[in-house]
1. Of the conditions (1) in a helix (DSSP H, G or I); (2) at positive phi, residue 33 fails just one. Which one is it?
2. For the range 1-17, check the following and say yes or no: at least one residue is surrounded by 10 or more Cβ atoms within 10 Å (Cβ to Cβ), at pLDDT 95 or above and assigned to a helix (DSSP H, G or I).
3. What number of residues within the range 32-67 satisfy the criterion of being farther than 16 Å from residue 16 by Cβ and in contact (Cβ under 8 Å) with a residue 12 or more places away in the chain?
4. Of all residues in the range 18-31, how many are touching a residue at least 24 places away in the same chain (Cβ under 8 Å) and loosely packed, with under 13 Cβ neighbours inside 10 Å?
């Protein structure tokens, strides 16, 4: 959606790693008949996002519990 409005290649590269872009790439790949090995990279990126989210949540929750 926003990719068409951005011209900076660095920002476009960052946008490519966002979860919605990964899910879109997985969806398109599966629709085009790609195998699991073709989308494993995207799934790994989503798992990294999930791990970062969980760690951030735990850190914030523990910090608020102490305060």
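1. Condition not satisfied by residue 33: (1).
2. no
3. Looking only at that region, the number is 0.
4. In the first step, residues of the range 18-31 are kept if they are touching a residue at least 24 places away in the same chain (Cβ under 8 Å); the result is 19, 22.
Going one step further and asking which of them are loosely packed, with under 13 Cβ neighbours inside 10 Å, we end up with none.
Adding up the residues that qualify gives 0.
The values are calculated or read from the model by the stated rules, or taken from the named source; none is laboratory data. A quick note: this is a predicted structure, and the numbers were derived from the prediction, not measured. Cβ: placed from backbone, ideal geometry, glycine included. Neighbour counts: every protein chain shown.
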